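Presented below is the structure to which this report refers.
The values are calculated or read from the model by the stated rules, or taken from the named source; none is laboratory data. Remember, predicted model here, so these are calculated numbers, not experimental data. Here the Cβ positions follow ideal geometry from the backbone for every residue, glycine too, while neighbour counts run over all protein chains shown. Keep in mind that these areas ignore ligands, DNA and RNA; they rest on the heavy atoms of the full protein, side chains included. Shrake-Rupley method; radii C 1.70, N 1.55, O 1.52, S 1.80 Å.
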Amino acid sequence: MFAWTTRGRKVFKSIPAEQFEKTKVMAANQGLYNGFLAAGLIWSLCIGDTNWSRNVALFFLTCVLVAGVYGALTASKRIFFVQAVPAILGLLSFMLQLS
């Protein structure tokens, strides 16, 4: 989010250099969104009540899954594997715990 025009160029080498400045606002929005999702999952670990903690974690894992599927459909199929698959694994882990 903060290093899109600096570090981002080194990480995402397939993107033309002139695109980084043009997409800076979009990258910041995505970074902020992902930060909120991560904060929600961390928050779920800090809740003492087990049921409430699970509900919060399930909500945020579902948000990550929806974002991963949407990203795969609209931007890059790779997003599904990077974002949605870990969310699916987390949700499956919850389902196995509940049964």
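Of note:
- Listed by first and then second residue, the pairs linking a residue in the range 14-28 that is touching a residue at least 24 places away in the same chain (Cβ under 8 Å) to a residue that is open to solvent by less than 100 Å² (accessible area, probe 1.4 Å), with Cβ atoms under 9 Å apart and 6 or more places separating them unless they lie on different chains, are Ala27/Met1; Ala27/Trp4; Ala27/Thr5; Ala27/Gly8; Ala27/Phe20; Ala28/Met1; Ala28/Trp4.
- The residue list Thr23, Thr5 contains one member that is open to solvent by less than 60 Å² (accessible area, probe 1.4 Å), touching an Asp or Glu at 6+ places or on another chain (Cβ under 7 Å) and at pLDDT 90 or above, which is Thr5.
- Scanning the range 1-29 for residues that are part of a loop (DSSP other than H, G, I, E, B) and hydrophobic (A, V, I, L, M, F, W, C) turns up Met1, Phe2, Ala3, Trp4, Phe12, Ile15, Ala17.
- Neighbours by Cβ (under 9 Å, 6+ apart or cross-chain): first from the range 86-99, without any contact (Cβ under 8 Å) to a residue 12 or more places away in the chain; second surrounded by fewer than 16 Cβ atoms within 10 Å (Cβ to Cβ) and among the polar types (S, T, N, Q): none
- Filtering the range 31-68 to residues that are surrounded by 15 or more Cβ atoms within 10 Å (Cβ to Cβ), of a type in the set (A, V, I, L, M), without any contact (Cβ under 8 Å) to a residue 24 or more places away in the chain and within 27 Å of Ala3 (Cβ to Cβ) leaves only Leu41.
- Scanning the range 44-99 for residues that are of a type in the set (S, T, N, Q) and outside any helix (DSSP H, G or I), we see that the one that is modelled with the lowest pLDDT is Ser99.
- Residue pairs whose Cβ atoms lie under 9 Å apart, separated by 6 or more positions or on different chains, with the first residue in the range 1-12 and in contact (Cβ under 8 Å) with a residue 24 or more places away in the chain and the second among the β-branched types (Val, Ile, Thr) and open to solvent by less than 80 Å² (accessible area, probe 1.4 Å), are Trp4/Thr23.
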